[in-house]
Amino acid sequence: MKNKTKILGLMAAGALLGVGSASAADAQLLDTLVANGFITEAQANSMKGSSSDKDPVYVTPKRSDTKKLVIRGRAQFQFGYVSPSSDVDGAPTNDYSTFEIRRLRIGTQGSLYQNLKFDFRMNLLPEGANLDTGTMVYTGIDGVDIGVGKTKPVIGMEEATSSTDIITIERSYAANFFAAEKNVGMWAEGEAGPIALVAGIFNGENENDNVIDSDLDSHFQYNLRAGFDASDYLPEDMSAGIFFDTIQNQDNDSDEAYQFEQSYSLGAEFEVGAFGIMGNLLWGTLTEEEADVTGVVVMPWFYVTPKLQIVGQYDYLDSNTSDTIGVQSRYLGRAAIDDAKGDSDADEGDKWQSWYLGANYYISGNNLKVMGGVAYSTLENEGTDQVEAVTVYGALRMRF
């Protein structure tokens, strides 16, 4: 008799399946059949089907303690063409061009238990795969989050912005020059009204490709960030913020290399309607000859339409010692002028300037956009023009 009842239950459920996705009443009936042991929960879920207002589930957590699990990824395709020239005798000045996969990343994000979030991302490029980011963040303390893992100590306005969200194809050379590489560490972050604070300590082993002879081996690296968001005190169509960052390297053992003992950033951003502007002042002291370096970035933008944005940028670096500043690694650094290392000092100087003009078309916001731009850059050393170059950029960027 019991088997007969189960068969009748399965027949009833099968009738529901034959007419497509279950209605609310049908779903309740299926739940009752599960509760009475006539069918399994997996069978019931299969018979319910997928309603039109829900996305299909592609990833199912193995353990019930995994509260959320999503797949994230990004792909960035990029074109670059640079035409350099130099007043330095014997310096090669061949043009350079490339079309490349700028970034290709895949990863997963989610939450565990009650108060633990995770984020793991891999770089996937022809030269090999590696861990880009791996973090765990505890959110169980009211107003404060505690994190541990591999991430980037942030200094500067542009470094605080994801590569999918930046509005120039490449970050400014000033931003790249002061940037820290991703390291393993611990940090705490919190907010109190309009004020946000982040403090962290990281493993100091680091290398910055934009700094000459970069080979940092410090014991600890400290990162402090503070921000004030004034938007709540302004009219509805206006927003503004002020931000301060610093990175301190303790016990730097690479005395002969160009590395920052300490670096600082003070930035501000203002938007009103379709217009916005960002300004960033960066400064720090390098170990070599106690060289002081200053960077300035000014970046205005304007939305011609909700999807079309025009962007400008002025990028400036200055050092009080000669031969401290190189050329931007992409794409001028790949051009023939970079081959002058060892034979010529054409790619070393004390002052860098660059002017950029570009346009972005947002097909689906920052999830899918097309970018284009052109930059004119110069590098000087003690008043001599080392490098002069025009670079043309193009990019397609997407994320999911």
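Every listed requirement among (1) touching a strand residue (DSSP E or B) at 6+ places or on another chain (Cβ under 7 Å); (2) free of Cβ contacts under 8 Å to residues at least 40 places away in the same chain; (3) of a type outside the set (A, V, I, L, M, F, W, C) is met by G394 save one, (2). Scanning for something within 27 Å of the chain's Cα centre (by Cα) and surrounded by fewer than 17 Cβ atoms within 10 Å (Cβ to Cβ), does region 338-349 turn up at least one residue? No, because not a single residue in region 338-349 is within 27 Å of the chain's Cα centre (by Cα) and surrounded by fewer than 17 Cβ atoms within 10 Å (Cβ to Cβ).
With respect to the stated conditions, V293 fails to be outside any loop (DSSP other than H, G, I, E, B) and within 17 Å of Q78 (Cα to Cα). Determine, yes or no, whether G140 is surrounded by fewer than 18 Cβ atoms within 10 Å (Cβ to Cβ), assigned by TED's automatic domain parsing to the domain that holds S265 and outside any strand (DSSP E or B). No; evaluated as a whole, the condition is false for this residue. With respect to the conditions (1) touching an Asp or Glu at 6+ places or on another chain (Cβ under 9 Å); (2) more than 28 Å from F220 (Cα to Cα); (3) surrounded by fewer than 18 Cβ atoms within 10 Å (Cβ to Cβ); (4) modelled with pLDDT of 90 or more, Y113 falls short on a single one, namely (4). Residue pairs whose Cβ atoms lie under 9 Å apart, separated by 6 or more positions or on different chains, with the first residue in region 232-251 and within 16 Å of W187 (Cβ to Cβ) and the second of a type outside the set (K, R) and part of a helix (DSSP H, G or I), are I247/F178. From the list I201, I195, I169, the one residue that fits, being buried (at least 20 other Cβ atoms within 10 Å of the Cβ), out of contact with any Leu (no Cβ under 7 Å at 6 or more places or on another chain) and at pLDDT 90 or above, is I169. Taking region 229-261 as the range and being modelled with pLDDT under 80 and either in a helix (DSSP H, G or I) or not aliphatic (A, V, I, L, M) (or both) as the test, the residues that pass are Q250, D251, N252, D253, S254, D255, E256, Y258, Q259. For region 92-103, indicate whether the set of residues that are at pLDDT 90 or above, assigned to a strand (DSSP E or B), closer than 18 Å to L332 by Cα and among the hydrophobic types (A, V, I, L, M, F, W, C) is non-empty. Yes: one or more hits.
One residue alone among A335, A359 is among the small types (G, A, S), modelled with pLDDT of 95 or more and out of contact with any Asp or Glu (no Cβ under 6 Å at 6 or more places or on another chain), and that residue is A359.
The values are calculated or read from the model by the stated rules, or taken from the named source; none is laboratory data. All values reported here derive from a predicted model rather than from experimental measurement. A quick note on method: Cβ atoms are made from the backbone with ideal geometry, for glycine too, and the neighbour counts reach across all protein chains shown.
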